[in-house]
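Worksheet: one structure, shown below.
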Amino acid sequence: QVQLVESGGGLVQAGGSLRLSCAASGIIFSINNRGWYRQAPGKQRELVATISRGGSTNYADSVKGRFTISREIAKNTVFLQMDSLKPEDTAVYYCYIFANGMDYWGKGTLVTVSS
């Protein structure tokens, strides 16, 4: 079983920054993809950013140039650096990995951006 634990969410003013972390634990043979998704109230969950096993990154258009996804392979951890935050970034952010041939999701961390 693989567990994901997110941290780093909170309340920030518009224009501010937050850094989310997601640590994976358990029996992990391989992680192919890691990513962050978010779900705002009343909206569907949407992709924010992903990073592949080879290090290629992909971002939603709405966060390009403001958010940066990175990873620390040795610690099975993925990060999301969020800068120039906007009120529309307010959402629950979920960590995701594709490991051991399966999808795993964290429980989410709330990010609130005040105007």
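The values are calculated or read from the model by the stated rules, or taken from the named source; none is laboratory data. Just so it is clear, the model here is predicted, and its values are computed rather than measured. Cβ sites come from the backbone with ideal geometry, for glycine too, and all protein chains shown count toward neighbours. These accessible areas exclude ligands, DNA and RNA; they are computed on the full protein's heavy atoms, side chains included. Shrake-Rupley method; radii C 1.70, N 1.55, O 1.52, S 1.80 Å.
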Inter-label distance for residue 72 and residue 44, nm, one decimal - labels placed 7 Å from Cα along Cα-to-Cβ: 3.5 nm
Where the chain is the region considered: accessible area per residue in Å², 1.4 Å probe: 53 Å²
Relative contact order, percent, the chain [alpha-carbon distance under 8 Å, six or more residues apart]: 37 percent
Ranking by accessible area, most exposed first, for 79, 98, 29 with a 1.4 Å probe: 29, 98, 79
Share antiparallel - DSSP beta bridges, the chain, percent rounded to 5: 90 percent
Cα-Cα pairs of region 1-45 separated by more than 16 Å (percent): 58 percent
